[in-house]
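Taking it in order: structure first as structure tokens, then the write-up.
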Amino acid sequence: MALAEGVIHDIGYQRYSGPRLGRRYAAGSLYTHSLRTAFGLGRTAKAKIFPFIVVGLAFGVAAVAVALRANSGKPVISYLQYCDSVGIPLLLFVAIAAPELVSRDLRAKVLPLYFSRPLRRTDYALVKLAATVSAMWLVLAGPLLLMFLGGVFSQTNGASGAWHEFTDLLGGWSYAMIYAVIFCAIGVLVASLAGRRAVAAAAVVGVFLVPTPVVGVLQVLGGPMLRQLSRMIDPVLLIQGLSNWIYRTHTMNIDGYGPVYLGAALVLVGGCVSLLVVRYRRLTV
């Protein structure tokens, strides 16, 4: 019995001979894509609704502040106070953005594609966190810039007044970064534990809201030291304590516990980032 003859057909496949951009390029591309995704850019109109509602609220508060200052000639809210006043929109934003960036990939089971090469698991976790932090900072930085422009055109002290306004803006931007780092470190870690975006969003909101009644009880029952330490359980109060110590805002009496607030913030962020990295290193894909 004669064997059939085999035929090899050349259909034009060629090996890739171009530049291999490597790990850094992959991380940069993932960062850019994630930052756009946080605002729903490049996606359907439905994906843009909630992020742009939050952005609209943030700019709305800034626009009102600018209008009131233009009428009265005096600032009605400082750059630091603005960051504190939009705490709820910030919480909504991180509850929307963090699950969108990490929970979707878990549910869609696309992580093996990311981890194939050359992106590492640690790179993925840190890039997603960096993109979320950048997105939240932009949500605050844009309205603060609007307040700065309104302040420059409203003040009458010339160049010295404009310079003073600019230094205040830098303080506001740095305070916005503190908010973004702490909120997003918690939010991305919590969101990475759930594949469903709705569940992840609810968990993120819960993590921020649950400490509030606990702190309230400890404030009533505890002594002076316990009252100060209990505030550090609540991320918002922790940030406001840092503001009191770093920027001398005097919005909250911290009784000389400023370095303790700073240490607690560093431990919180460092712990969340470490747990996030461990989560992805041990994740089975």
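The values are calculated or read from the model by the stated rules, or taken from the named source; none is laboratory data. Keep in mind the model is a prediction, meaning the values are calculated, not measured. Heads up, the Cβs are rebuilt from the backbone with ideal geometry, glycines too, and the neighbour counts pull from every protein chain shown. Areas reflect the complete protein model, heavy atoms only, side chains present, ligands, DNA and RNA absent. Shrake-Rupley method; radii C 1.70, N 1.55, O 1.52, S 1.80 Å.
Open to solvent by 40 Å² or more (accessible area, probe 1.4 Å) and outside any helix (DSSP H, G or I) - does that describe any residue in the stretch 183-205?
yes
I'd like the full set of residues that are assigned to a loop (DSSP other than H, G, I, E, B) and free of Cβ contacts under 8 Å to residues at least 60 places away in the same chain, limited to the stretch 21-39.
Taking the stretch 21-39 and keeping what is assigned to a loop (DSSP other than H, G, I, E, B), we get 21, 39.
Within the stretch 21-39, just LEU21 meets the criteria.
LEU266: open to solvent by 80 Å² or more (accessible area, probe 1.4 Å) and modelled with pLDDT of 95 or more, yes or no? Even if it seems obvious, please write down each step before you answer.
Working: open to solvent by 80 Å² or more (accessible area, probe 1.4 Å): yes; modelled with pLDDT of 95 or more: yes.
The answer is yes for LEU266.
Within the stretch 230-244, can you find the residues that are over 19 Å from ILE96 (Cβ atoms), surrounded by 17 or more Cβ atoms within 10 Å (Cβ to Cβ) and not basic (Lys, Arg)? Spell out the reasoning first.
First, pick out the residues of the stretch 230-244 that are over 19 Å from ILE96 (Cβ atoms): 230-234, 237-244.
From the residues that got through so far, the ones that are surrounded by 17 or more Cβ atoms within 10 Å (Cβ to Cβ) too are 230-232, 234, 237-244.
Residues satisfying the conditions are SER230, MET232, ASP234, LEU237, LEU238, ILE239, GLN240, GLY241, LEU242, SER243, ASN244.
Tally time: how many residues in the stretch 46-83 are outside any helix (DSSP H, G or I) and under 16 Å from ALA97 (Cα atoms)? Break it down stepwise before answering.
First, pick out the residues of the stretch 46-83 that are outside any helix (DSSP H, G or I): 73-78.
Pick out the ones that are also under 16 Å from ALA97 (Cα atoms) and you get none.
Count: 0.
Where residues in the stretch 47-71 are more than 20 Å from TRP173 (Cβ to Cβ) and touching a Ser or Thr at 6+ places or on another chain (Cβ under 9 Å), which of them is most open to solvent (accessible area, probe 1.4 Å)?
Taking the candidates together, the pick is ALA70.
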